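See structure below.
No lab work stands behind these numbers, since they all come straight from the coordinates. Here the structure is a predicted model, which is why all the values come from computation and not from measurement. Cβ coordinates were reconstructed from backbone atoms using ideal geometry, including for glycine residues, and neighbour counts include every protein chain displayed.
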Amino acid sequence: MTVLPNIHPGEILLEEFLEPMGISQNALARATGVPPRRINEIVLGKRGITADTAVRLAAALGTTERFWLGLQADYELEQAHRALGGLPSRIKRLAA
């Protein structure tokens with residue numbers, strides 16, 4: 001079975017928004033009122049997207065907050081499943 005890469009929301013931010021729209025990381029940081037380092041760390045996959053950042057990105061890029069939070073949640077869940085391996089299937093269910 002081929003394991004697909006788990007794509008960090010920062011990669012989507014860079015490849016689907018910043019690059020095609022010709023927006024620099026610094027320009028996005030200025031527009032959203034966050035430190036440039038925050039945007040850079042998100043793009044590099046070193047930092048997650050918080051609710052605060054999701055609100056700011058949505059306003060600047062014409063998306064929804066849930067779009068960014070959904071990407072982050074999906075990324076983190078996949079990371080957890082990979083880290084836990086088969087553990088969830090070995091946990092005894094206590095509720096129906």
For the chain, take the longest principal axis of its alpha carbons; what is the angle in degrees between that and the long axis of helix 51-61, to the nearest 10 within 0 to 90? 50
Sort all Cα-Cα distances of the chain into consecutive 5 angstrom bins from zero, then give the percent of pairs in each bin up to the one containing the longest distance. 2, 12, 21, 23, 13, 9, 8, 6, 4, 2, 0
Distance from a point 7 Å along Cα→Cβ of Glu15 to each backbone N in segment 37-64: keep the residues under 19 Å and list them by number. 40-49
Magnitude of the charge dipole, the chain, Cβ model with Lys/Arg +1 and Asp/Glu -1, debye to 20: 460
Positive-pole candidate from Leu14, Ile49, Ala29, dipole of the chain, charges at beta carbon: Ile49
At what distance in nm do the modelled label points of Glu41 and His81 sit from each other, each positioned 7 Å from its Cα along Cα→Cβ? 2.8
